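Chemist: Structure in structure tokens, see below.
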Amino acid sequence: MTPPREGPLAKIEAGIFDDKSLSSLLTMCIVLGGRAGSESLQRWARQELNGYVGVGKATKLPEYRTISAPFFAWVTNYAGFNGFRQQLFRGELPESLQEFDCDTLHLVQGIGELEGFPASDDSIRLQPSQVGAIVRALNDVNQAYQSRVESVFWEVGSGAIQGVLVRIRAALADLVSELITATPVDQDVPDKAAADHAVLMITGNQNVVNYSPQIASDGGQNKVTVGPPDTPDEPTGRRARKRG
């Protein structure tokens, strides 16, 4: 009778069944990748743990980290008062921003930061890393009287963040399942080729983010012409309660 498999692969499999934290399982994946000689597995696990921010355009961002989210500008008068938010759509953006897909949000944060978002009815405001350049481009074409775009942000429900965490765990489970299938029972560590293939299978071929989201400090908005809403909203800081 073949003895049960031991080592990091077996521990990761057991951890999935025991509902261990993603941080713990991904840390074990770094060890497993080192044992297997797979830089691809180690890189994937590190990026999931530490985030994909600053990885460069050549890096792939897994599809499971992409969601749709409404994009807003926070508009004020020249003195910075009477602020309100206005939703923006890609077709309304100036020509200089046409390559910026404002309807799609790439969640590049590390696992710890994603897990740290509140699981409540509150919405979360996330800014693109190029917020300054986007604001300047919007203000360059804004023709509304005595108004300016102060900031821009995506507004994301906590359920969407939790959904991404579920998808990351599912991707990890797919990876482990693939490795178990490709690894003989009497072998504790998968071959490098098997590990590399498993990573490729779960990450897909989506190109990286051009705009990496960060926590927003306040709201913002724009169109070519911006008018005040019926009831002004107040900017609410880093984490905002969802408003209509």
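Chemist: When you scan the stretch 156-192, how many residues do you find that are of a type in the set (A, V, I, L, M, F, W, C) and modelled with pLDDT of 95 or more?
Modeler: Number of matching residues: 11.
Chemist: Residues of the stretch 142-183 being open to solvent by less than 60 Å² (accessible area, probe 1.4 Å) and in a loop (DSSP other than H, G, I, E, B), which ones?
Modeler: Selection gives N142, A144, S147, T183.
Chemist: Among the residues of the stretch 150-183, how many are in contact (Cβ under 8 Å) with a residue 60 or more places away in the chain, among the small types (G, A, S) and in contact with a helix residue (DSSP H, G or I) (Cβ under 6 Å, 6 or more places away or on another chain)?
Modeler: 2
Chemist: Do we have S96 as touching a strand residue (DSSP E or B) at 6+ places or on another chain (Cβ under 8 Å) and either open to solvent by 10 Å² or more (accessible area, probe 1.4 Å) or not aromatic (F, W, Y) (or both) here?
Modeler: no
Chemist: Select the strands (runs of 3 or more DSSP E) contained entirely in the stretch 66-111, then report the ones holding at least 2 residues which are under 17 Å from V141 (Cα atoms).
Modeler: The qualifying strands (runs of 3 or more DSSP E) are 71-76, 84-88.
Chemist: Can you pull out the residues in the stretch 12-44 that are of a type in the set (D, E, K, R) and either closer than 13 Å to L172 by Cα or open to solvent by less than 40 Å² (accessible area, probe 1.4 Å) (or both)?
Modeler: Correct list: E13, D19, K20.
Chemist: Among the residues in the stretch 68-79, are any open to solvent by less than 50 Å² (accessible area, probe 1.4 Å) and in contact with a helix residue (DSSP H, G or I) (Cβ under 8 Å, 6 or more places away or on another chain)?
Modeler: yes
Chemist: Confirm whether F71 is closer than 28 Å to E150 by Cβ and in contact with a Cys (Cβ under 9 Å, 6 or more places away or on another chain).
Modeler: When the stated conditions are applied, F71 passes them.
Chemist: Condition first: hydrophobic (A, V, I, L, M, F, W, C), open to solvent by 30 Å² or more (accessible area, probe 1.4 Å) and modelled with pLDDT under 95. Now tell me which residues in the stretch 45-66 satisfy that. It would help to see each step written out before you state the result.
Modeler: Of all residues in the stretch 45-66, those hydrophobic (A, V, I, L, M, F, W, C) come to 45, 49, 53, 55, 58, 61.
Filter once more, so that each one left must be open to solvent by 30 Å² or more (accessible area, probe 1.4 Å): 49, 53, 55, 58.
V53, V55, A58 - these are the residues of the stretch 45-66 that are hydrophobic (A, V, I, L, M, F, W, C), open to solvent by 30 Å² or more (accessible area, probe 1.4 Å) and modelled with pLDDT under 95.
The values are calculated or read from the model by the stated rules, or taken from the named source; none is laboratory data. Since the structure is predicted, the reported quantities are computational estimates derived from the model, not experimental observations. When we count neighbours, we look across all protein chains shown, and the Cβ atoms used for this are built from the backbone with ideal geometry, even at glycine. Surface areas here come from the heavy atoms of the whole protein model, side chains and all, with no ligands, DNA or RNA. Shrake-Rupley method; radii C 1.70, N 1.55, O 1.52, S 1.80 Å.
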